[in-house]
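One structure is given here, and the rest of the page talks about it.
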Amino acid sequence: MEPKKQKAVLENVPEEKDFKENLDQGLYADDIDIFQINLCKKCNLSCKHCHVQASPQNDRIMPKKYLQKCLDILKIYPIDTVDITGGSPEMHPNLEWFLNELSQMDLNIMVRSNLVILLEEDYAHFIDVYTDNQVELVASLPGYNQEKVDRLRGEGVFDSSIEVLQLLNQKGFGKEDTDFTLDLVYNPAGSYLPGSQQALEREFKEQLNSKYGIVFDNLFSLINSPVGKFLNYLVKSDNYKNYMHELINSYNEETLQNVMCRNTVSVGWDGTLYDCDFNQMLNLPINNSHNHLSQFDYEALQNRRIEIGNHCYSCTAGGGSSCQGSLEE
Amino acid sequence: MSDYYESKDLDNFPNIAEFAEEEGNKFFDYYEEATAGNELSDRVTALIGLSVAHVNKCPYCIDAFTNKCLSLGISKDEMMEAVHVGSAITAGAINAHSTQMLKILEDKEM
């Protein structure tokens with residue numbers, strides 16, 4: 001579904017309160033702590049729930065000149081964390097160079113990996129690249145059983161993910177006595193909200209450790225945003241109305257204090273700047289003249305007004321949700 | 001009333017204390033405490049809830065606890081197993097009562 005069509009669907013939530021009605025004065029950013037960079041839309045997987053609509057056929061990748069611009073920005077401004085995502089970031093031809101450059105700076109470097117690409121011959125060396133650059137690895141694993149993961153991500157993905165997690169543990173990722181952080185990302189495999197992050201983390205740790213000897217640091221539990229392929233699924237399966245109702249019924253005003261758009265700038269593959277990854281997929285750039293890397297203005301972006309819509313209910317439901325997991329725990 | 005057992009009825013569940021506030025509020029306090037997963041894990045609590053929901057044949061509880069189990073990553077196999085536990089114990093209770101019937105038969109028959 002194209003962004004324009006997605007926006008039209010999201011504007012239509014009959015008998016429900018429009019998200020904008022919750023915020024008479026709008027929502028404003030506080031600062032820029034996280035610089036999230038979407039390197040590419042190319043991916044070796046085609047997951048059913050992908051809000052990015054990434055796939056092996058999607059060839060859009062960030063030109064190197066924009067990566068250089070990101071480095072220039074990160075050198076100058078007091079941004080704590082760079083969060084690298086995709087697609088599959090490993091499929092960007094300049095990722096290794098980019099990470100080497102980033103590791104020269106005083107930054108927390110996060111890379112979001114689908115894990116299974118690290119078994120492919122051309123990409124297996126990234127395990128060492130991540131170790132050398134002390135990257136915090138954030139790995140997708142939407143379940144601890146094969147049936148669920150393979151249904152969502154493709155046949156064989158669960159077994160391959162387990163193999164890579166074991167390799168990462170051997171390198172020290174996820175182990176308590178090392179500096180190599182390994183986080184997992186869980187999101188529901190259908191039209192329902194996740195349970196408590198604490199309970200899920202406990203369960204993932206117990207199941208993965210007892211069955212496969214795997215350890216990891218944190219579980220980030222994410223609510224699926226009604227964007228991209230997931231929105232398509234909701235509409236086609238006739239779940240859209242009920243899912244939006246559940247999100248809207250779970251709206252929690254307190255989460256507005258910590259929603260990720262207030263301290264994040266999300267950079268698209270073409271250098272366009274967004275308030276968050278979901279706005280990026282809906283083609284809703286930052287609403288001022290500094291919405292491209294080439295016009296980056298730290299002060300102008302710090303207190304910008306955030307573009308909001310009904311998809312924002314997915315970050316404000318229950319305990320709240322962000323790319324770093326629940327906002328509550 | 002147009003229809004029985006509509007899923008949207010669940011939205012009205014929090015309002016059941018409207019006409020007997022004290023009893024209603026005490027029920028919700030009790031419900032929250034009993035299902036909070038204190039000594040039991042969230043997973044075990046959810047599976048017990050799902051099993052009892054089926055034993056009681058309550059569509060609202062089945063809806064709520066199926067979603068609860070899904071939200072905690074519990075598999076379909078585990079959920080169905082929990083339903084069978086409830087089903088077997090219910091069948092067991094019925095069959096155990098046949099001992100009463102057998103006692104009467106023993107007493108009455110020549």
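The values are calculated or read from the model by the stated rules, or taken from the named source; none is laboratory data. What you are looking at is a predicted structure, and each value in this text was computed from that prediction instead of being measured. FYI the Cβ positions are ideal-geometry reconstructions off the backbone, even for glycines, and counts take in every protein chain you see.
Being surrounded by fewer than 18 Cβ atoms within 10 Å (Cβ to Cβ), in contact (Cβ under 8 Å) with a residue 12 or more places away in the chain and either away from chain B (no Cβ under 13 Å) or touching a helix residue (DSSP H, G or I) at 6+ places or on another chain (Cβ under 6 Å) (or both) narrows it down to one residue among A:172, A:195; which is it?
Just one listed residue meets the conditions, A:172.
For the range A:279-329, enumerate the residues that are modelled with pLDDT of 95 or more, outside any loop (DSSP other than H, G, I, E, B), buried (at least 19 other Cβ atoms within 10 Å of the Cβ) and not aliphatic (A, V, I, L, M).
A:279, A:310, A:311, A:312, A:313, A:314
Only one of these is under 18 Å from residue A:138 (Cα atoms) and not aromatic (Phe, Trp, Tyr): A:224, A:249. Name it.
None of the others qualify; the one that does is A:224.
Starting from the range B:81-102, take each residue that is surrounded by 10 or more Cβ atoms within 10 Å (Cβ to Cβ) and list its partners that are among the polar types (S, T, N, Q), counting only C-beta distances under 6 angstrom and pairs at least six apart or across chains.
B:82/B:51; B:85/B:51; B:86/B:51
Please specify each residue of the range B:66-80 satisfying the condition of being buried (at least 19 other Cβ atoms within 10 Å of the Cβ), touching an Asp or Glu at 6+ places or on another chain (Cβ under 8 Å) and not in a helix (DSSP H, G or I).
Matches in the range B:66-80: B:72, B:73.
List pairs: first in the range A:129-148 and facing chain B (nearest Cβ under 10 Å), second of a type in the set (Lys, Arg) and in a helix (DSSP H, G or I), Cβ under 9 Å, 6+ apart or cross-chain?
From the range A:129-148, the pairs are A:142/A:148; A:142/A:153; A:143/A:151; A:144/A:211; A:147/B:76; A:148/B:76.
Answer yes or no: is there a residue in the range A:51-66 that is on the phi > 0 side of the Ramachandran plot and over 17 Å from the mean Cα position of the chain (by Cα).
no
Does residue A:9 meet the test of being farther than 28 Å from residue A:173 by Cα, touching a helix residue (DSSP H, G or I) at 6+ places or on another chain (Cβ under 8 Å) and not in a loop (DSSP other than H, G, I, E, B)?
yes
Being within 11 Å of chain A (Cβ to nearest Cβ) and either surrounded by 20 or more Cβ atoms within 10 Å (Cβ to Cβ) or more than 20 Å from residue B:12 (Cβ to Cβ) (or both) is the filter here, so list the residues in the range B:41-65 that pass it.
Scanning the range B:41-65 gives B:41, B:42, B:43, B:44, B:45, B:46.
When you check residue A:82 against the structure, is it touching a residue at least 12 places away in the same chain (Cβ under 8 Å) and under 21 Å from residue A:277 (Cα atoms), yes or no?
Yes.
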